[in-house]
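Below is one structure, written out as structure tokens; the observations come after it.
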Amino acid sequence: MAEISEKDHPQNSLNSVLEISVPLFSFGGAFIAILFQMQGISIDFHIPALGCVLASCFLAYLAWIRPKKDIVALTTPIYSFIFFTVPVDVSEGILLQILYAVSLTILLIRLKYRFGKPGTAVTLGKELGGTLKIYIDRTRNAFTDINPKTAHSAAVVFVRFAEGNYGEAEQGAKAVLTQEDASDQQNTLMRAMSIIREHAMLLNMSLPRPVTYQTFPKKDLGLLAISPDPAQDADAEFYLSLDNALLILFSAAWNASERDRQHLLACQVFAQKLISSK
Amino acid sequence: MKIGNVEVKVSIVAVAVFVFFTILLLFASMSSPEVRSQLIWLVPGLFMLLVIPIALNYMSRRQYADMEPVYEAEAKTVRIRLINESMVGKPVRVEGIVERVHFQFLNRPQYLVADRSGEISVKMFTSPNEDVKVNDVVEVFGQVIRRYIFTGDPVINCVSIRKIKKT
């Protein structure tokens, strides 16, 4: 079955309709009020004003679904409620509606150009996406066979680290390292765990980079999310090892501990941030 | 101005408001005898325009001064890239360079602080101890919060910002 393109996605179509609806409803309400006034028919000001109220709600929704929130657009329904529930004369009301419709349109343009695209399932933390998904898929075979208990521990350590609970992350990593067999100490996941333990301990005590520190050997290069630059300085190498170690834990937990995926999705933004580092 | 151990700073906006209403009152009292008869409460009212911002600044500065040692003891030094939504509520210490400064004139400065790993907004709800400018290398103590309390990207609610190196 052919995949639905991003443009044709039902959610995107709905968003496009809502974007058009903002000026359509707000100016439409004013237009109807003008038409009635020209015909000499007296109608309650609140009826055409409903167009602006609805347009404000659409604009607020469009602001809400974006990962970067625009507080001005979000609060427009409150203003519409204040403006259109107070009694005003019909002619003043029409002028107010037109000005409000212009404001909403300006805010819509501002929202589109300054606050990015609406959130997707990826940005809203409902599914994996981007380079992180590519990395998880690339390393799937290496981690699917690991012990589910170890994979769960990897998820716990990753989440604790993301939360800034470095003491708990260190203890979690230490527990895994002491439980595993000596042969397992040689694998990439255990090396990642060991690197995270070292960093968590240093972060917990707010200590700087030590002179000697753990890194991944060359044989692990295939499983690293970010390849080290041979010309990088010691600081960069030290921190890159941590980023790679955290991403290895994320991949191992994702691929071998399905029950932890919701927790991992909640930390996806952090993992995306790590993988996008240079 | 120093009250006790607390350095109090009045925002330029509060001073401007005070000056504006002082001039207004001067003109009004010169042109209207009715206003002159009300000076007994208008003049203290005018001074309240200065006293209230000074008192509020003093109280917030004192509270921040009390919190500083607590944060210095509890905050973990982190790289900016490690700060994420899951860390909301955590006290942190970051070191970086100030790239932008906003709203300093309101005594509510917002800084954009960057290190080699990334950049983050640092919001302060009172005046800082030091005058921090763009390109200053600073250490920041604060708590991770969301930009709009319940939503938005993580930012630092700054308790203390200090220059650590001359530019």
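Give the shape of the range A:10-114 as rounded, prolate or oblate, defined through the alpha-carbon gyration tensor: a ≥ b ≥ c are the square roots of its eigenvalues, a/c under 1.5 means rounded, and otherwise the shape is prolate if a/b is larger than b/c and oblate if not. Intermediate results must be reported in sequence, preceding the final value.
Numbers: a/c = 2.60, a/b = 1.91, b/c = 1.36.
It comes out prolate by the Cα gyration axes.
Between A:Lys112 and A:Ser13, what FRET efficiency comes out of the Förster formula 1/(1 + (r/R0)^6) with R0 = 22 Å and r the beta carbon distance, rounded to 0.05?
Details: r = 16 Å, r/R0 = 0.73.
Efficiency, rounded to the nearest 0.05: 0.85.
Pull up the DSSP beta bridges for the protein assembly as shown and report the antiparallel fraction as a percent, rounded to 5. Before the final figure, lay out the partial values.
Details: 31 of 35 bridges.
The answer is about 90 percent antiparallel.
Which percent of the accessible heavy-atom area of chain A goes to carbon and sulfur, probe 1.4 angstrom? Walk me through the intermediate numbers first.
On the way: 9170 of 14850 Å².
Carbon and sulfur atoms account for 62 percent of the accessible area of chain A.
Relative contact order of chain A: what whole-number percent is it, with Cα pairs under 8 angstrom and at least 6 residues apart?
Numbers: 323 pairs, mean separation 49.9, N = 278.
Answer for chain A is 18 percent.
Nearest 100 Å² is fine: what is the total accessible surface buried where chains B and A meet, probe 1.4 Å?
Values: alone 10220 and 15710 Å², together 24130 Å².
Counting protein atoms only, the buried area is about 1800 Å².
With a 1.4 Å probe and all protein chains left in place, how much accessible area per residue does the range A:130-276 have, in Å²?
On the way: 6760 Å² over 147 residues.
Ligands and nucleic acids excluded, the figure is 46 Å² per residue.
Where a Cα-Cα gap under 20 Å defines reach, which aspartates and glutamates qualify for B:Lys133, not counting those fewer than 8 residues away within the same chain?
Within reach: B:Glu7, B:Glu95, B:Glu99, B:Asp115, B:Glu119.
For A:Asn141 paired with B:Asn5, estimate the spin-label separation in nm (one decimal), with each label point 7 Å from Cα along the Cα-to-Cβ line.
6.5
Please give, to one decimal in nm, the separation of the simple spin-label points placed at A:Lys133 and B:Met67, each 7 Å out from Cα toward the Cβ.
The two pseudo-label positions are separated by 4.0 nm.
Taking only Cα atoms and a 10 Å spring cutoff, compute GNM fluctuations for chain A and point out the largest among A:Val156, A:Val53, A:Val72.
Comparing A:Val156, A:Val53, A:Val72 in the GNM, the peak value goes to A:Val72.
Any chance you could check the range A:204-237 for residues losing 20 Å² or more of accessible area when the partner protein chains are in, compared with the chain on its own (1.4 Å probe)?
Those residues are A:Asn204, A:Ser206, A:Asp233.
Does a label point 7 Å from the Cα of B:Phe21, set along Cα-to-beta-carbon, have any residues of the range B:33-76 with amide nitrogen under 18 Å, and which are they?
B:35-58
Output the residues of the range B:116-138 meeting this criterion: accessible area (heavy atoms, 1.4 Å probe) in the chain alone minus accessible area with all protein chains in place is 50 Å² or greater.
B:Arg116
Does the protein assembly as shown come out rounded, prolate or oblate, given a ≥ b ≥ c as the square roots of the eigenvalues of its C-alpha gyration tensor, rounded meaning a/c under 1.5 and, failing that, prolate meaning a/b above b/c?
Values: a/c = 3.25, a/b = 1.39, b/c = 2.33.
The shape class here is oblate.
Give the shape of the range A:130-276 as rounded, prolate or oblate, defined through the alpha-carbon gyration tensor: a ≥ b ≥ c are the square roots of its eigenvalues, a/c under 1.5 means rounded, and otherwise the shape is prolate if a/b is larger than b/c and oblate if not.
Numbers: a/c = 1.29, a/b = 1.16, b/c = 1.11.
Rounded shape, in that the Cα axes give a/c under 1.5.
Name the residue, out of A:Glu92, A:Glu19, A:Glu168, whose mean-square fluctuation peaks in a Gaussian network model built on chain A with Cα pairs under 10 Å.
A:Glu92
Solvent-accessible area per residue for the range A:10-114 at a 1.4 Å probe radius, Å²?
56
So, R0 is 30 Å and r is the distance between the beta-carbons of A:Ile82 and B:Leu56; what FRET efficiency does that work out to, to 0.05?
Details: r = 28 Å, r/R0 = 0.94.
Efficiency at R0 = 30 Å is approximately 0.60.
Could you work out how much longer the chain between A:Leu50 and A:Met205 gets when fully extended? Use 0.36 nm per residue separation minus the Cα distance between them, nm to one decimal.
Numbers: separation 155, 0.36 × 155 = 55.80 nm, distance 5.85 nm.
Length difference between fully extended and current span is 49.9 nm.
Just A:Leu223, A:Leu108, A:Leu14 to compare: in a GNM of chain A, with alpha carbon springs under 10 Å, which one fluctuates most?
Greatest mean-square fluctuation among the candidates belongs to A:Leu14.
Simple spin-label model, 7 Å along Cα-to-Cβ: B:Glu119 to A:Ile43 in nm?
4.9
What Rg and what Dmax come out for the range B:46-126 when only alpha-carbon atoms are used, in angstroms?
Reported Rg and Dmax, both Å: 15.4, 49.
Can you give me the long-range amide H partners of B:Ser160? Hydrogens built in the peptide plane at 1.01 Å from N, cutoff under 5 Å, separation of 5 or more residues or another chain.
Under 5 Å from the amide H of B:Ser160: B:Phe141.
Only Cα pairs under 8 Å and at least 6 apart count here; give the relative contact order of the range A:10-114 as a rounded whole percent. Write down the numbers at each step before the final one.
On the way: 112 pairs, mean separation 36.8, N = 105.
Reported relative contact order: 35 percent.
Provide, for chain A, the number of lysine pairs with alpha carbons under 16 Å apart, each pair being eight or more places apart or on different chains.
So the count works out to 9.
Report ³J(HN,Hα) in whole Hz for each residue of the range A:150-162, in order, from the Karplus equation J = 6.51 cos²θ - 1.76 cosθ + 1.60 where θ = phi - 60°; Gly and Pro get x.
5, 4, 5, 4, 4, 4, 4, 5, 4, 5, 4, 5, 4
Let's test the formula: R0 of 51 Å, r as the Cβ-Cβ distance of B:Arg146 and B:Ser37. What FRET efficiency results, to the nearest 0.05?
Working: r = 52 Å, r/R0 = 1.03.
FRET efficiency, B:Arg146 to B:Ser37: 0.45.
Whole-Hz ³J(HN,Hα) for each residue in the range B:9-19, computed from phi via Karplus 6.51 cos²θ - 1.76 cosθ + 1.60 with θ = phi - 60°, x for glycine and proline: what do you get?
10, 9, 6, 4, 5, 4, 5, 4, 4, 4, 5
Would you list B:Val94, B:Val51 from the most to the least accessible area, probe 1.4 Å? Walk me through the intermediate numbers first.
Values: B:Val94 0, B:Val51 75 Å².
Reading off the accessible areas and sorting them downward yields B:Val51, B:Val94.
Helix-derived [θ] at 222 nm for chain B: sum -39500 (n - 2.57) over DSSP H runs of at least 4, divide by residue count, nearest 500?
Value at 222 nm, helices only: -12500 deg cm²/dmol.
What are the residues whose amide H is under 5 Å from the amide H of B:Thr77, where those residues sit 5 or more places off or on another chain and H is modelled from the backbone?
Amide H neighbours of B:Thr77, under 5 Å, 5+ apart: A:Ser206, B:Arg93.
As a check on your grasp of the helix formula, calculate [θ] at 222 nm for chain A: sum -39500 (n - 2.57) over DSSP H runs of n ≥ 4, divide by the residue count, round to the nearest 500. Kindly include the intermediate steps, with their values, before the conclusion.
On the way: 13 runs with 183 residues, N = 278.
After summing the helix terms and dividing by the residues of chain A, the value is -21500 deg cm²/dmol.
How big is chain B by the Kirkwood estimate over distinct Cα pairs, in Å? Mind showing how you got there, number by number?
On the way: mean 1/r = 0.0561 Å⁻¹.
When all Cα pairs of chain B are included, the Kirkwood radius is 17.8 Å.
Within 10 Å of each Cβ in peptide B:146-158, how many partner chain Cβ atoms are there on average? Round it to a whole number, please. Before the final figure, lay out the partial values.
Numbers: counts 1, 3, 4, 0, 1, 6, 4, 4, 2, 0, 0, 0, 0.
Shielding by partners across B:146-158 averages 2.
Taking accessible area as the heavy-atom solvent-accessible surface of the protein chains with a 1.4 Å probe, which residues of the range B:64-84 lose no less than 10 Å² upon going from the isolated chain to the full protein assembly?
The answer is B:Lys76, B:Thr77, B:Val78, B:Arg79, B:Arg81, B:Leu82, B:Ile83, B:Asn84.
The values are calculated or read from the model by the stated rules, or taken from the named source; none is laboratory data. From a predicted model like this one, the values you see are computed outputs, not experimental measurements. We place every Cβ from the backbone using ideal geometry, glycine too, and count neighbours over all the protein chains shown. Accessible surface areas use protein heavy atoms only, side chains included; no ligands, DNA or RNA. Shrake-Rupley method; radii C 1.70, N 1.55, O 1.52, S 1.80 Å.
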